[in-house]
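First up is the structure itself, then whatever we jot down about it.
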Amino acid sequence: MADDLWIIGASMTPFGRFPDRDVIDLAATAALDALDDASATIAEMQTLAVGCLTEAPNMLGQRLQKQIGQTGIPVYNVANACATGATAVRTALLTLKAGEADMALAVGVEQMGKMGLLGSAGRARPEPAGYEPSGRYGSVMPVEGILGTQLMPGVFAQAGMEYAYEHDGVGFEQFAKVAEKNHAHSALNPLAQYRKVFSLEEVMGAEMVAYPNTLLMCCPTGDGAAAVVVCTGTKLKTLDPGVRRRAVKISASVLTSDPYVESDTAQPDVSTLTKRAAAQAYEQAGLGPSDLDLVELHDCFATAELIHYENLQLCEPGGAGDFIDRRAPWRDGTTPVNVSGGLISKGHPIGATGVANLYEVATHLRGEAGDRQIEGARVGLTHVIGLGSACGVHILERATS
Amino acid sequence: MTEAPRRVPVVDYLSLDGAGGPVLRANACTACGALFFDRRNACARCGAREFEHRPLGTTGTVRAFTIVKRAAPNVPVPYVSAVVALDGGGVVKANIRDVEPDPAQVTLGMRVALTTFTCGTDVEGTEAVAFGFAPAT
């Protein structure tokens, strides 16, 4: 029988904008904090996985080692769009499952600064002087804005609107209520990039970016890092009682990509792979959605969170609008979702996100979440989506002793 | 006498010279019928490697839309982007034209028809022609 997998150390830096630090500082802070949290040293880590969308091609993992310990262990530099952090954790877990390590470190980090909501796509692209077909679509010029939008705010807006087309009771107001909730939740989280409460009217009245997503319904860009120390159940038995008592069990770890669907020709489908990942995760864990005490899911835009209520089976089929209308995902509701403030207000430094949501859930399961603690939390789920697409789902459980 | 300007499609899956007017043309997998607009190596659905060009329907239904208000400086806003399911198969993204960019004017499930428009002119005077959809009666 396969060995259990555990988180014994978890950390995250505050999310925000830290122009005086570099990406290695951020990664090192999270890594060292996670090692301290696990009462472990870098010398005990047998593998290292570092997720960073922008710096993975530049040997960031090895550059991190040169600050915190060059022990010669295998390093995996990981990039998988917005699922980068979860994929780094999963990479570390695979080395445990393969028997190549019994303790490993996974770090997620990104330094985005004020790159703007649209990133590099927000800058003007020169039109070619002469029209020559190029690329896989034989296009003669950039087609963003000419053949619809493929930028994130619009893609996720259309994903939400497709759900609204297929189901009753979903509209601008339901999407806006998601952001109202996450902004309110973030006020309790000292690590969040923003901690300001907004009324539903303020959310709906903010600058429209891509209907129905207003500026307050879009995640910000920012800097931050998170890290976890993971180990096998066999290794855990040899560790100090203080470490074992705070250990959090990884009951499911799943990564999916998007299977073929007809609408792929228009835009990536973010729902099917999430549904598959959730179903696999519940089966792995032997748990169901009703067992969840909290969920951290990928609310890159408010429209995305709403459709993931259904994709993760948190609501009845077609019931996502009703789910938010009756405040079920608020921190005092039946299934608290994004009590950290979510990507919308806690922030979304891309590589850090999938590790930071493990930190968040683990912290609640340990009963150490302070003002935002979900009392008595025993089981939690984390979810991230990288557009293109990759979906990571993890289910964590409090240690039973 | 002035010569009509040369016109090229903005993407190669838009055909301007069809007998019945402009039409979108997909690469259809000969094994399973899956439709693609890009150059293909093999079929994403079944793995087969043979394709044929297939003209698609010119009418369809809006399955999703957004009204884009923030974009790169050289992209005029606001505009309506939509996911359109074509009658007879095929799903495509394009702008909805000839409609106010206002959520009260665009509706989910609205019927639309293919339309074309000039989206640019290069230094030699060649016009690039793009496609969009307009409300159909």
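For B:Lys69, A:Lys181, A:Lys114, write out the residues from largest to smallest accessible area, computed with a 1.4 angstrom probe and no ligands counted.
Details: B:Lys69 90, A:Lys181 0, A:Lys114 170 Å².
Ranking B:Lys69, A:Lys181, A:Lys114 by accessible area, largest first, yields A:Lys114, B:Lys69, A:Lys181.
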Have a look at the protein assembly as shown and give its Rg and Dmax from the Cα atoms, expressed in angstrom.
-> 24.3, 93
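To one decimal place, what Kirkwood hydrodynamic radius in Å is obtained for segment A:1-148 from all pairs of distinct Cα atoms? Spell out each step's value before the answer.
Numbers: mean 1/r = 0.0567 Å⁻¹.
That comes to 17.6 Å for segment A:1-148.
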What percent do you get for the relative contact order of segment A:1-127 when only Cα pairs under 8 Å and 6+ apart count?
-> 29
If you build a Gaussian network model of chain B, linking Cα atoms that sit under 10 Å apart, which residue out of B:Arg45, B:Arg25, B:Arg54 swings the most?
-> B:Arg45
Please state the equivalent ellipsoid semi-axes for segment A:43-123: what are the square roots of 5 times the Cα gyration tensor eigenvalues, largest first, in whole Å?
-> 27, 14, 8
In sequence order, calculated HN-Hα J values of segment A:147-152 (Karplus, 6.51, -1.76, 1.60; Hz; x Gly/Pro) = 10, x, 10, 10, 7, 3
Pick from A:Gly333, A:Gly380, A:Gly160: which is most flexible by mean-square fluctuation in a GNM of chain A where alpha carbon atoms under 10 Å apart are linked?
-> A:Gly333
What spacing in nm lies between the two simple spin-label points modelled at B:Arg40 and A:Ala43, each 7 Å away from Cα in the Cβ direction?
-> 5.9
Note down the Stokes-Einstein diffusion coefficient of segment A:1-83 in µm²/s, whole number, using a Kirkwood radius over alpha carbon pairs, 10 °C, and 1.306 mPa s.
-> 115
Peptide A:125-134: average number of partner chain Cβ atoms within 10 Å per residue?
-> 4
Whole-Hz couplings from phi, Karplus 6.51/-1.76/1.60, listed for segment A:372-385; x for Gly and Pro | 9, 3, 8, 4, x, 4, 10, 9, x, 10, 10, 8, 9, 10
Mean other chain Cβ within 10 Å across A:252-260 is 1
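Quick one: compute the contact order of chain A, relative version, from alpha carbon pairs under 8 angstrom and 6+ residues apart, as a percent. Each step should come with its number before you reach the end.
Numbers: 946 pairs, mean separation 105.1, N = 401.
In percent, rounded to a whole number, it is 26.
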Candidates B:Pro76, B:Pro103, B:Pro22: whichever shows maximal mean-square fluctuation once chain B is modelled as a Gaussian network with Cα springs under 10 Å | B:Pro76
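How well do other chains shield peptide B:119-127, expressed as the mean number of their Cβ atoms within 10 Å of each residue Cβ?
Working: counts 7, 6, 2, 8, 4, 3, 0, 3, 1.
For this peptide, the per-residue mean of nearby foreign Cβ atoms is 4.
So if we plug the beta-carbon distance of A:Asp291 and A:Arg327 into 1/(1 + (r/R0)^6) with R0 = 30 Å, what FRET efficiency do we get, rounded to 0.05?
Values: r = 20 Å, r/R0 = 0.68.
Using R0 = 30 Å, I get an efficiency of 0.90.
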Over chain B, what is the mean sequence separation of C-alpha contacts under 8 Å (at least six apart), divided by residue count, expressed as relative contact order in percent?
-> 23
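Could you tell me the total accessible area buried at the B-A interface, probe 1.4 Å, in square angstrom to the nearest hundred? All intermediate terms of the calculation are to be shown ahead of the outcome.
Details: alone 8730 and 16660 Å², together 21220 Å².
So the total buried area for this chain pair works out to about 4200 Å².
For chain A, what does the helix formula give at 222 nm: sum of -39500 (n - 2.57) over DSSP H segments with n ≥ 4, over the residue count, nearest 500 deg cm²/dmol? Kindly include the intermediate steps, with their values, before the conclusion.
Numbers: 13 runs with 134 residues, N = 401.
For chain A, the value works out to -10000 deg cm²/dmol.
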Expected vector for segment B:47-56, Karplus 3J(HN,Hα) from phi with 6.51, -1.76, 1.60 and θ = phi - 60°, integer Hz, x for Gly and Pro, equals x, 5, 10, 9, 9, 9, 6, 9, x, 9
For segment B:68-137 and segment A:65-109, distance of Cα centres in Å | 44
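So, with a 1.4 angstrom probe, what is the percent of accessible area on the protein assembly as shown that is carbon and sulfur?
Answer for the protein assembly as shown: carbon and sulfur cover 48 percent of the accessible area.
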Which sequence of A:Tyr359, A:Tyr309 reflects their accessible areas, 1.4 Å probe, from the largest down?
-> A:Tyr359, A:Tyr309
Stokes-Einstein D for segment B:7-135, Kirkwood Rh over Cα pairs, 4 °C, 1.567 mPa s (µm²/s) | 81
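The values are calculated or read from the model by the stated rules, or taken from the named source; none is laboratory data. Predicted model, so just to flag it, every value in this text is computed and none were measured. Heads up, the Cβs are rebuilt from the backbone with ideal geometry, glycines too, and the neighbour counts pull from every protein chain shown. Accessible surface is based on the protein model in full, side chains and every heavy atom, while ligands, DNA and RNA are left aside. Shrake-Rupley method; radii C 1.70, N 1.55, O 1.52, S 1.80 Å.
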